[in-house]
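What follows is a set of notes on a single structure, which appears directly below.
The values are calculated or read from the model by the stated rules, or taken from the named source; none is laboratory data. Predicted model only: the values in this text are computed from it and were never measured. Cβ placement follows ideal geometry from the backbone for every residue including glycine, while neighbour counts extend to all protein chains displayed.
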Amino acid sequence: METEKRLQIYLKEIEKNNQKGKKINAILQINPNSEKEAKEIDKKLEKGKAGKLAGKIIAVKANINVKNLQASCASLTLKDYISGYDASVIEKIKKEDGLIIGITNMDEFACGSSGETSAFSPCKNPACLDLIPGGSSSGSAAAVAAGFCDLALGSDTGGSIRNPASHCGVIGVKPSYGLVSRYGLIDLSMSLDQIGVFSKNIDDAVLLLNVIKGKDEKDATSFESKEIRLEKLNKITIGIPKINIQDSRINKLIDDKVNEIAKKNNWELVDIKLEHVNLGVQTYYPICYVEFFSGTRKFDGRRFGKKIEESCGEEVLRRILGGSEISKAEFKGLYYRRALKAKNIIKKEFEDAFKDVDVIIMPTVPRLPHKLNSKISVEEMYGYDVLTVLANLAEIPAISVPAGKIDNVPVGLQVLAPRFSESLMLSVAEQFSETK
C-alpha cells in the first residue's frame, strides 16, 4: 500500500494548495489513472518484483509527452492536444514503476525565465508566494518545493531547470548534452535542450538520472554512459570564476558557503578567469531563436492544435519573429553561424578550464526573483540566464543546490563539471546539500 498511501498524501496536498488555498498553480493536469497505477505498483512491491522507482511519485513538464495526458506546452496552441505516445524518458520511468502523478505548468513553449508566460496563469513560488518561481520549468520546481511529488522532470535550454530550482529552494540537474534522450520532448532549441531532474535530495536525483539516461535509437544525439554514482572525494580543486553580478549579497553567500565546505573537506580553491562569460546570452539567443522558429513550423494549425502565430503569447511571438528575421535568405545564416562559432569558443574555454580544476562553482542566478506581474524589461528578463546558459553552450552538466537564503528568499549554488562527469558533479553537490 506504500505507493497508494503516498499518492493520496500528495493528491490531498495538491487539492489543498494547487488551485485552492495558496493557488500555487504548479499542476495543470492530474493523471486520472494514478490511483489504479499505484495499486498495480504496490502489488509488484508485495511480490518483490517492482522496479527501481517503485514508490516514487513523479510530475512531468507539459512539453514532455506522456501517453493520454496533455502536452500543451502551457499554450493555447496545444490546449487540447493529447499525447499519443510516451517520450523515451517516460517509457523508462514506467518500466521501473515510477508513478506519473500529473503534468506541470511552465512558461509557454519554454519561452521565459519566470513562469509568468503560461497561457494558464502564472505559477507561484511556494517559498515566497508573491515572487516568481523562475522558468521555464516553473511548475516542476514548484511541485517539488510545495510537496506535490517526490521528483519532477523538466527541460533545460539555458537554465530552465536550474533557474527555478534556485528560486524555489530545491535541487535541479541539467545533464550533459546527449546523456538523456530528447525523443518525445517538444523542443525549444534542439542543440541546447536537455531533459533533467528536480528533487529534494541528491540520492533521488541520482536514482532518476540513472533510469532516464542512456543511448536511444530514436535520438541520434544520445550516448551510452556509465552508471552515475556518488563517490568518496579526495582532495579536489574547485575553480571560482570572478564574475560581477547584480546582487553582491548573492556572491557573498556563495563565497561563504564554498569556503565553509572547502575548508571542511580540505578542497583547494583556485580563482579562474572565463574570458567569454559576457558572450553567453548574446550567443544563446540567436541559436535559440532560429531553432525555435524552425521547430514551430509544424504548428501550422493543420496537424497540431491551432496556428501558433495566431494563438501564442507575446514572448513566444517575439522569438518566432526574431528567428524568422535571422533566418531570412538575405542573411544566408550569417548570424546563426556566428553564434555557433561563439558557442564553440565557449565550449573550448570550459574544456581548457577543466584541465586545471575538477569543477567550477558559481551562483545559479545573478539576482533575486522579482514580484509576480511586475513590469521588467526584456533585457532584465534575459539577464536571469547569464550564468546558466554557459553550461548549455558548453554541453556540460550543471546542478543548482540550495545555498541559503537572502531576505528569506532561496538562493542556489551552481556546480559545473566536464562533459559526462555527472558522478563527480553530484558528489560535489552532495557536500553542499543540506538534505543529503
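What the table shows:
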quantity: Residue match in region 66-88 (condition: surrounded by fewer than 24 Cβ atoms within 10 Å (Cβ to Cβ) and β-branched (Val, Ile, Thr)); calculated: yes
quantity: Lone qualifier among Ala262, Ala205 - being in a helix (DSSP H, G or I), under 30 Å from Ile57 (Cβ atoms), of a type in the set (Gly, Ala, Ser) and touching a residue at least 12 places away in the same chain (Cβ under 8 Å); calculated: Ala205
quantity: Residues of region 1-23 satisfying the condition of being among the hydrophobic types (A, V, I, L, M, F, W, C) and closer than 16 Å to Ala152 by Cα; calculated: Leu7, Leu11, Ile14
quantity: Of the criteria (1) over 15 Å from Ile396 (Cα atoms); (2) out of contact with any helix residue (DSSP H, G or I) (no Cβ under 9 Å at 6 or more places or on another chain); (3) not polar (S, T, N, Q), which one Gly178 fails; calculated: (1)
quantity: Single match in Glu35, Glu4 (criterion: over 26 Å from the mean Cα position of the chain (by Cα) and either closer than 28 Å to Cys312 by Cα or crowded, with 17+ Cβ neighbours inside 10 Å (or both)); calculated: Glu4
quantity: Neighbours by Cβ (under 9 Å, 6+ apart or cross-chain): first from region 139-158, over 15 Å from Leu129 (Cβ atoms); second at pLDDT below 95 and among the β-branched types (Val, Ile, Thr); calculated: Gly158/Val281
quantity: Index of the failed condition, Ile103 passing every other in (1) surrounded by fewer than 24 Cβ atoms within 10 Å (Cβ to Cβ); (2) touching a Leu at 6+ places or on another chain (Cβ under 7 Å); calculated: (1)
quantity: Residues (in a strand (DSSP E or B), polar (S, T, N, Q) and within 17 Å of Ile186 (Cα to Cα)) located in region 101-137; calculated: Thr104
quantity: Counted residues, region 138-183 - those being of a type outside the set (Gly, Ala, Ser), under 12 Å from the mean Cα position of the chain (by Cα), in a loop (DSSP other than H, G, I, E, B) and within 22 Å of Val428 (Cα to Cα); calculated: 3
quantity: Check on Ala127, over 22 Å from Lys52 (Cβ atoms), in contact with a strand residue (DSSP E or B) (Cβ under 9 Å, 6 or more places away or on another chain) and surrounded by fewer than 23 Cβ atoms within 10 Å (Cβ to Cβ); calculated: yes
quantity: Filter result for Lys332 (modelled with pLDDT of 95 or more and farther than 24 Å from Ser199 by Cα); calculated: no
quantity: Leu340 being surrounded by fewer than 14 Cβ atoms within 10 Å (Cβ to Cβ) and among the hydrophobic types (A, V, I, L, M, F, W, C); calculated: no
quantity: Unique residue being crowded, with 24+ Cβ neighbours inside 10 Å, of a type in the set (S, T, N, Q) and in contact with a Pro (Cβ under 7 Å, 6 or more places away or on another chain) when the list is Ser138, Ser113; calculated: Ser138
